[in-house]
Structure formats: structure tokens, C-alpha cells
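Participant: Encoded as C-alpha cells, here's the structure I'll be asking about.
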Amino acid sequence: MVSRRAFLLGGAGLGAVAVTGGGGAALVEEDVLPGKVAFDRALGRCGSLPTPPRTPGVVQTQTFASRRRGTDVTAVVVLPAGVRSLWHLPVVVAMHGNGGSAASAAKNLRLDRYLTDAVRTRAVAPFAIVAVDGGPDTYWHRRASGDDPLGMITEELLPRLRRQGASTDRFGVCGWSMGGYGALLLAETAGAPRVAAAVASSPALFPSYGNARRTNPRAFDDAADFARNDVFAGLDRLKGVPVRVDCGTSDPFAPMARRLRRRLRPEGAMGGGCHDGAFWQRHLPDQLTFLGRHLR
């Protein structure tokens, strides 16, 4: 179960270990006590931020008025180096995490560099990554306010990209944290064969509405909203969609990622790392290769 303290990476975990002695440390190791993330970070188990590939790609920013979201939305189009337009390119929709944006996801994760490297060194056919604003805390589903990020993607963003020449009959989707949850939800909503592949990196999944509310009170409007948008309840709708799920063993969402992997049997793995950009960047090369393979 995800605790609010673990989710916020507070410093209380190390204090708990200090006062409880060796037995407390053992409990933290087994995820019984909150603070495992802080504990593992102090021990160097989160891993370091990798050096991104050297060659930058092409980054283009566009903004459009979204009726589905009731606001202007920014989309960041990421292309491999040497590619100047979306013409005939397949698309991967990238979904940012809580508090993030299209711009922060593209910039902080160096998506253009990793995409260029995948095309140049891994025999991946060129495709576009399009990161889009879903709102800082909408959790990528229709809210009581009327804000509808998924509707924005399927009914506004993808048709807009098609008019610009992109190939959107089939598309991929990827996301991190809240966006990892969103990627799974979008894949369930659109289904096969429309969704060519889905990647969820450290998906922010909750075992119950109560747990979600304690961790992030803005993630869902109420218990009914949680139930309508429960990824686990819709796993059957992923039939025919290739899925990859990666999560760090020191991630506060690791227990739910393990549960998802047991149910879904996706590609990817649980591995050393935390809920951070270091883990996400280390896995980008394999994730982009996975997406490119299924977009062909």
C-alpha cells in the first residue's frame, strides 16, 4: 500500500529506522514501514542519472484550444534528428506525471536525444513522440469539472496530428507515474488494434479510493470516479495490446506494479531504482525500442 509519507519522499523514514534499530531496518526492507524510498536513496540504491545520448533531435511546440479540456493545451512534438515534419510518421502519445507538463516531460527526460539514439543505434524506424498537457493533477481521466484529457487526445490531438500528415490510424502511448496510469487507461479506452503498444513507467496505481485520497487527494473526485477509472477493472480491454511495465523496487508504487505485472504478464521488469528521472531515463532506450517495434 502506498503511504502519503512514502509518496512525498519525506525524511521520516530514516528517523524511524534510527529509533527502531536493526529490527526497524528489516521492516523497512520488506516495505512494512514507510520510508523505504528515503532509506534506499541514502544507501545509493536509486541509481544515478545516466548521461543522455549526445545528439539532440527536433523539438517543435504547438498550442491549440481544447474544448475537451476547456483551456489552451500545449503539445511538444519530438522528432529524431534529421526529420523535420510529421509526414507519414507514426505517433507515440507521451503522458506526463503529477505536477508536470508536456514541456517538462520532453525536456527533463531528454526525449529527443533518446529517440534519435533509438533510430540511429537500434534500427528503430523513425516515429514521433508527442507529449501533451493533461493538466497537473487530472489523473488523465474525465473529471467532475468537465476537464477530459483522454477525450482531448482521441478527439482533438490525434485528428490534429493527422491533418499535419502523421499516421494516426494506429498509435503508441507511454507515460510516467500519473502518466503511466494514464497510458494504461488510454490503452484500455481505445483498445486494439488502434493502440499499437503501451508503456507504463512506474505507474501511479492505488489499491483503493481511500489509499488514493490519502496519497493524493486530487487524483479522483470520489469513490465512484475511482471505480469508473480503475485500471485493474479494465484489464480485459487490453487484449491484443502489447504492454510494457517497468518499476523500481524502491518505488512507493512497487507493490501495485507487482500486482499489475502478475495480472497482465507484460514485458518490462521490476528492477533497482526509485520513482525518479534516473530510473525513467535508464529504461527509455528499451521502452522506445519496444514502441518502435510494434509501430512498424
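Rule-based calculations on the coordinates, nothing more; no lab input. Since the structure is predicted, the reported quantities are computational estimates derived from the model, not experimental observations. Methodologically, a virtual Cβ is constructed for each residue, glycine included, from the backbone with ideal geometry; neighbour enumeration extends over all protein chains shown.
Participant: Where is the GNM fluctuation largest for the chain (alpha-carbon springs, 10 angstrom cutoff): Leu43, Leu184, Leu150?
Facilitator: Leu43
Participant: Just to confirm the number: angle between the C-alpha axis of helix 111-121 and the first principal axis of the chain, 0 to 90 degrees, nearest 10?
Facilitator: 70
Participant: Right, here's the next one. Could you state the number of Å between the C-alpha centres of region 126-177 and region 72-101?
Facilitator: 10
Participant: Rounded, prolate or oblate: which fits region 58-295, taking a ≥ b ≥ c as square roots of the Cα gyration tensor eigenvalues, rounded meaning a/c under 1.5, else prolate when a/b beats b/c?
Facilitator: Oblate shape, in that a/c is at least 1.5 and b/c is the bigger or equal ratio.
Participant: Continuing with the same structure: Kindly provide the chymotrypsin sites (Phe, Trp or Tyr not before Pro) of region 214-244 that DSSP labels as loop, not H, G, I, E or B, and whose Cβ sees at most 10 other Cβ atoms within 10 Å.
Facilitator: none
Participant: Hey, another quick one. Take Asp246, Asp286, Asp40, Asp133 and order them by how many other Cβ atoms sit within 10 Å, fewest up front.
Facilitator: Ranking Asp246, Asp286, Asp40, Asp133 by Cβ neighbours within 10 Å, fewest first, gives Asp286, Asp40, Asp133, Asp246.
Participant: Same structure again: Going by a 4.7 Å Cβ-Cβ cut-off, which cysteines of the chain have no partner at all?
Facilitator: When partners are defined as cysteine Cβ atoms under 4.7 Å apart, the chain leaves Cys174, Cys247 without one.
Participant: Please give the peptides 105-114, 119-128, 195-204, 89-98 ranked by average Cβ packing (other Cβ atoms within 10 Å per residue), highest first, as a rough proxy for protection.
Facilitator: Packing order, densest peptide first, comes out as 195-204, 89-98, 105-114, 119-128.
Participant: Which trypsin sites (Lys or Arg not before Pro) from region 154-192 combine a DSSP loop assignment with at most 11 other Cβ atoms within 10 Å?
Facilitator: Taking region 154-192 and a limit of 11 other Cβ atoms within 10 Å, no loop trypsin sites (Lys or Arg not before Pro) are found.
Participant: So, one more: For a test of the definition: using alpha carbon positions, the gyration tensor, and the 1.5 limit on a/c, classify region 231-296 as rounded, prolate or oblate.
Facilitator: It is oblate, given that a/c is not under 1.5 and a/b is not larger than b/c.
Participant: Counting only helical runs of four or more DSSP H residues, what would the 222 nm mean residue ellipticity of the chain come to if each run contributes -39,500 (n - 2.57) and the total is spread over all its residues?
Facilitator: It comes out at -11000 deg cm²/dmol, rounded to the nearest 500.
Participant: In whole Hz, with x marking every Gly and Pro, tabulate ³J(HN,Hα) for region 133-143 from phi via Karplus 6.51 cos²θ - 1.76 cosθ + 1.60, θ = phi - 60°.
Facilitator: 6, x, x, x, 8, 7, 6, 6, 10, 4, 9
Participant: Please rank Tyr209, Tyr139, fewest neighbouring Cβ atoms within 10 Å first, as an exposure proxy.
Facilitator: Least crowded to most crowded, the residues run Tyr209, Tyr139.
Participant: About the Cα centre, and with charges only on the beta carbon of Lys, Arg (+1) and Asp, Glu (-1), how big is the dipole of the chain? Nearest 20 debye, please.
Facilitator: It works out to roughly 580 debye.
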